[in-house]
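Contents: one structure, followed by commentary.
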Amino acid sequence: MKKMVILEEKDIIEKIEKIARKIVENNSGLKEIVLVGIRTGGAYLAARLQKTIGELGNIIPLLGILDITQNGHPGG
């Protein structure tokens, strides 16, 4: 299977900063923001957003990680 690059690293950083800026602009009470990422890929994205929002908004939002695997559950 041929791999294709969709976004370069600099483009990913730019997109994360754009999303973080929108979150800061649209939420004056950043203390109430909680970011939740789905393990594993979404958790990395949520952590990067948390860091960038902290840099832009001077407050670091809470971060939660959601594990949606069914390991250890009957039928899973």
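Read-outs: derived from the displayed coordinates by stated rules, not from any lab. All of these numbers come straight from a predicted model, not from anything done at the bench. FYI the Cβ positions are ideal-geometry reconstructions off the backbone, even for glycines, and counts take in every protein chain you see.
Worth pointing out:
- For the range 1-63, trypsin sites (Lys or Arg not before Pro) meeting the loop criterion (DSSP other than H, G, I, E, B) and having at most 14 other Cβ atoms within 10 Å: Lys2, Lys3, Arg39.
- Positive-end residue, the chain charge dipole about Cα centroid, Cβ charges, pick of Pro61, Met4, Ala46: Met4
- Cα-centred dipole magnitude for the chain, charges only on beta-carbon of K, R (+1) and D, E (-1), debye, nearest 20: 160
- Ratio of the Cα radius of gyration of the range 30-69 to 2.2 N^0.38 Å, where N counts its residues: 1.14
- Against the empirical curve 2.2 N^0.38 Å, the C-alpha radius of gyration of the chain lands at a ratio of 1.36.
- GNM top mover of Ile38, Ile12, Ile60 - the chain, alpha-carbon springs below 10 Å: Ile12
- Contour excess over end-to-end distance, with Cα ends at Arg21 and Ala47 and 0.36 nm allotted per residue: 7.9 nm
- Cut-off 14 Å between beta-carbons: net charge of the residues surrounding Gly42, Lys and Arg +1, Asp and Glu -1: +1
- Taking 0.36 nm per residue of sequence separation and removing the Cα-Cα distance, the Leu56/Ile12 pair yields an extension gain of 14.1 nm.
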